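The values are calculated or read from the model by the stated rules, or taken from the named source; none is laboratory data. For clarity, every value in this text was computed on a predicted model and none was experimentally measured. Using ideal geometry, Cβ is built from the backbone for each residue, glycine included, and neighbour counts are taken over all protein chains shown.
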Amino acid sequence: MVVAVSVGGCGAGHPNAADVPDAVTSATADLTAVDMEIMQAQEILAGQCARSKGFAVPIDYTVLAVSQSYIDIGGVFRSREEAETVGYSTQTADLQGHGAALRAYEDSLSDAEKTRYEQEVSGFDSPNCYTQANAVLFGSSEEADEVLNTFNDVLREQSSSAIEDSDVQAAIKDEYMPCMKKAGYDVHGLHGGELAGKKFGRYREWNEPPNDEEKAMAVQDYQCQADANLMQRINNALERNAGTWMVANEAMLLERHEKLQQAREIANEVIAGKRSYEARD
């Protein structure tokens, strides 16, 4: 990718545009969405921490499969596998089942137990079990905050959302939408989920995979996005809207991305039962 071409053409008039190394753009995009595995591992570690403090909390080792935004744009499938396994979960699955057992346990606590639970496990005071869980994943709660706050940093620093970029809008309107319509899905913008919700309803349990019909639509959605080169064009827009900040903070972004990758590895070990809060040292 030669960003200088974008800067000279579509990037003209964008004061925050810069020639950003591919690795920095990729890292920044990756940092804007937290993996569900990391979030689930956080819940597992916090539950183990709570048990160490005498709270018999239930612990769920399954990973909630939900779609995530790409940078700050919803409706984007990052891969065919994501389309097949996740589908349009927020519109077609009942997500209320996730965490129901934990909520029921919290409701069963006495007033005194709830006070201690809030102070030591889930409250705003630090350290609590969630800050300690983050320390296991990222090395420290401070490092976790830095990595997890990258999304907010990007929102603050970019001059506008990529969804407002003319090239991204052209990709959606002139390539993606006609592709979906030709396949029989009349979507407006990146709102395949809304159409899926109307077509299929909330027929799935909270972590049930999509059926063949929903899967087929999601895979077609991914393919139309890929044919429109949508993620690359979103990346280009990110470089135009926040490029100067990304270049100035290249070392920081790459360091955060390395910590994110390490946290992913630890998270998968936690979910697999190979690492725990008790064995964190």
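Might you check whether a residue that is free of Cβ contacts under 8 Å to residues at least 40 places away in the same chain and under 16 Å from S67 (Cβ atoms) occurs anywhere in the range 188-197? Give the derivation first.
Our first condition is that a residue be free of Cβ contacts under 8 Å to residues at least 40 places away in the same chain; within the range 188-197, this holds for 188, 195.
Subsequent filtering for residues that are under 16 Å from S67 (Cβ atoms) retains 195.
The answer is yes; a qualifying residue exists.
Any residue that is surrounded by fewer than 18 Cβ atoms within 10 Å (Cβ to Cβ) and free of Cβ contacts under 8 Å to residues at least 60 places away in the same chain - is there at least one of those in the range 231-244? No, the range 231-244 contains no residue that is surrounded by fewer than 18 Cβ atoms within 10 Å (Cβ to Cβ) and free of Cβ contacts under 8 Å to residues at least 60 places away in the same chain.
Checking A65, A56, A83 one by one, the residue that is at pLDDT 95 or above and either touching a strand residue (DSSP E or B) at 6+ places or on another chain (Cβ under 8 Å) or buried (at least 17 other Cβ atoms within 10 Å of the Cβ) (or both) is A83 and no other.
Applying the criterion of being aromatic (F, W, Y) and in a helix (DSSP H, G or I) to the residues of the range 155-211, the residue that is nearest to P15 (Cα to Cα) is Y176.
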